[in-house]
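Asks: Here it is: the structure, laid out below.
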Amino acid sequence: MMMKSLLSRTALLAAPLLLAGSLAAQLTPAGVSISNRNGNFNTPGGISSLTTPGTGLSKPDVYGVNQKPGSCPQYPWKTGIVTTIFWVGELATEKNPVPNTASSWDPKWMKTFGGYDCPDEDKSVTNFKPAKFTPMQNPFYFALPYNDVIDHDTHKEEAKKVIPWFKGTFKREGRSVLEDRWIAIRFGSRVCYAQWGDCGPFVTDDADYVFGNARPKNPKNNGAGLDISPAVRDYLDFRSGQSVDWKFVEEDDVPDGPWKTWGTNNPFSMAYQRKELGKLPTAGVAAANDARPVSQSEIDRIQELRRQRDLWFQNGGAAKAGK
């Protein structure tokens, strides 16, 4: 009886340790600790994850990001695509007749993003986010020249035929199945990942190029077929007008990197925050339940309050208060 009681007590004492280990494994995004040009990049919340033995990951690229070789064979690379820079809040100019205060899917894109994504700031020193504010959406975004919807109530008839993932992701008429999809962008030896935020450059009906084997039909800016954000530009050390390769990737094939850190439209940052902060609603969840999504500033405030609480306990605050 004593032996049985001792074993039960040992199991009870070990259970929290096992649970803690399990939670740590869940809360730490899979992959590796990232390094950028200016030092170490940590995964959300300041937690650095480690490479898992036996995962088949290849050697890191020049920025320390481990790639899974051949993990997305269903989407081929589109090579040598002239690429230009665009940004949230960009006003109309002679070379850019459509302002980027709104996107093809969001008439208040600049407000939803959280501010003006100034292209002249060096985002590399702040993990590639805007220097003056914390973005409410992923600063790693791009535009391709196809829009699947006509308006907020209607899809293009051809969309269900040309978009490979349409059937599996369609929710309702007028709700884009392209918005926030991921691509990999390769420039030299560097590979960056980003989410679809707008349509362009210049055209929004080039399905043969975006989903097929054709070259971009847009003749302007030397036939540019891709727009990328300042964060993508800075990560790749890219200059507007150069050429890149790109391909669609599934969410499961996106490796660790700064593109996982920010944004309520970013499944990786929101998954981390829901686990860490108690299942906060994403914009999509909030819309489905007629609730208000939690803003990035609120998340930052909660994190700061928790940091102060932990510091209070570490400094013996509870013991002092009990005297």
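Asks: Being open to solvent by less than 20 Å² (accessible area, probe 1.4 Å), in contact with a Phe, Trp or Tyr (Cβ under 6 Å, 6 or more places away or on another chain), among the β-branched types (V, I, T) and under 21 Å from M110 (Cα atoms) narrows it down to one of V244, V232, V210, so name that one.
Replies: Result of the check over V244, V232, V210: V232.
Asks: Can you tell me which residue within the range 133-157, out of those that are touching a strand residue (DSSP E or B) at 6+ places or on another chain (Cβ under 8 Å) and among the aromatic types (F, W, Y), is farthest from S104 (Cα to Cα)?
Replies: Across the range 133-157, the extreme among qualifying residues is F140.
Asks: Would a scan of the range 119-140 turn up a residue that is outside any loop (DSSP other than H, G, I, E, B) and in contact with a Gly (Cβ under 8 Å, 6 or more places away or on another chain)?
Replies: No, the range 119-140 contains no residue that is outside any loop (DSSP other than H, G, I, E, B) and in contact with a Gly (Cβ under 8 Å, 6 or more places away or on another chain).
Asks: Let me confirm something: among G316, G322, G223, which residue is surrounded by 11 or more Cβ atoms within 10 Å (Cβ to Cβ) and either at pLDDT 90 or above or not basic (K, R) (or both)?
Replies: G223
Asks: Also: Output the qualifying pairs, or none if there are none: Cβ atoms under 7 angstrom, residues six or more apart or on different chains, first residue in the range 91-116 and open to solvent by less than 30 Å² (accessible area, probe 1.4 Å), second residue in a loop (DSSP other than H, G, I, E, B) and among the aromatic types (F, W, Y).
Replies: N100/F86; N100/W87; G115/F133
Asks: Looking at the range 164-199 only, could you name the residues that are under 19 Å from D253 (Cα atoms), touching an Asp or Glu at 6+ places or on another chain (Cβ under 7 Å) and open to solvent by less than 50 Å² (accessible area, probe 1.4 Å)?
Replies: If the condition is that a residue be under 19 Å from D253 (Cα atoms), touching an Asp or Glu at 6+ places or on another chain (Cβ under 7 Å) and open to solvent by less than 50 Å² (accessible area, probe 1.4 Å), then V177, L178, W182, V191, Q195, W196 are the ones that fit.
The values are calculated or read from the model by the stated rules, or taken from the named source; none is laboratory data. It should be emphasised that the depicted structure is a prediction, and the values quoted were computed from it without experimental measurement. Glycine also receives a Cβ, built like all others from the backbone with ideal geometry; neighbour counts cover every protein chain displayed. Keep in mind that these areas ignore ligands, DNA and RNA; they rest on the heavy atoms of the full protein, side chains included. Shrake-Rupley method; radii C 1.70, N 1.55, O 1.52, S 1.80 Å.
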